[in-house]
Amino acid sequence: MAFQDYFPVWDKLSAQQQERVLGSLVFRRVKKGALLHSGSAECTGLLLIKQGQLRAYILSDEGREVTIYRLFDRDMCLFSAACIMRSVQFDVIVEAEKDTELWIIPADVYQSLMEQSAAAANYTNELMGSRFSEVMWLMEQVMWKSLDKRLAAFLLEEAAIEGTDELKITHEIIANHLGSHREVITRMLRYFQSEGMVRLSRGMVAITDKEKLKSLQSDE
């Protein structure tokens, strides 16, 4: 399918607007681990995923990572065009979690589109509101939920994304998602293993008791 099939308000744009967007698009194939955007100093443009998976995260002053949201097929990343989003006051880094195909809409083209098209402006505002809701939800989790509950939730989410209970993931990567230290995650996973919830091996975390993880996740 073409870009037109992925952009939600395509049919509401004028022929001239459609022509300008198509004429400015950049299509890219990126490998897992590729860095697509590295903070507000850059203005990469808006990213629309055709196929794959991206991760958006922020860095603490100590250099610890914490994932703020993930992007999948048909998702659009706005924070990679922070130069046109005046309300964004923090640096977001975007990397590919899997081999990904995507389109890049240059920031100046999209800004012009928002100024000319009410449909594009409304869609962008809704998407921005949704992204900020995800960030606020994350902040609530970090502030009020203990790490064991957040780790249980992450493992269940990862299993749902990957479609398997055998997760090929390192303790370091999990720590980066949750804004923690690898050693802390390792200790927590060993506790989970002792309780029969997971089985650990090199580069692998296998979920062995989903119901117990769900119970831990929701336990108040």
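Read the figures in this text as sums done on the coordinates, not as results from a lab. Keep in mind that this is a model prediction, so the values were computed, not measured. All Cβ positions, glycine included, derive from the backbone under ideal geometry; neighbour counts span all protein chains shown.
Worth a mention:
- With helices as the sole contributors, the chain gives -13500 deg cm²/dmol at 222 nm; each DSSP H run of n ≥ 4 counts as -39500 (n - 2.57), and the sum is divided by every residue.
- The range 157-194 residues near the modelled Lys98 label - backbone nitrogen below 19 Å, point 7 Å along Cα→Cβ: 157-170, 173-174, 177
- Thr164/Glu195 FRET efficiency (R0 30 Å; Cβ-Cβ; nearest 0.05): 0.90
- GluC sites (Glu not before Pro) lying in DSSP loop within the range 1-71, provided at most 15 other Cβ fall within 10 Å: Glu62
- Under a model in which nothing but the beta-carbon of Lys, Arg (+1) and Asp, Glu (-1) is charged, the chain shows a dipole of about 380 debye around its Cα centre.
- The angle separating the long axis of helix 118-144 from the principal Cα axis of greatest extent in the chain is about 20 degrees.
- Measuring r between the beta carbons of Lys145 and Val184 and using R0 = 22 Å, the FRET efficiency lands at 0.90.
- Environment charge of Gln18, counting only residues whose C-beta is closer than 14 Å and scoring Lys/Arg +1, Asp/Glu -1: -1
- The chain: relative contact order as a whole-number percent, Cα under 8 Å and 6+ apart: 21
- Normalised by the number of residues in the range 129-220, the average gap of Cα pairs under 8 Å and 6 or more apart makes the relative contact order 32 percent.
- Residue-span extension gain [Met114 to Lys12] - 0.36 nm each, minus C-alpha spacing: 35.5 nm
- Extension gain for Phe27-Glu157 works out to 43.9 nm (0.36 nm per residue, less the C-alpha to C-alpha distance).
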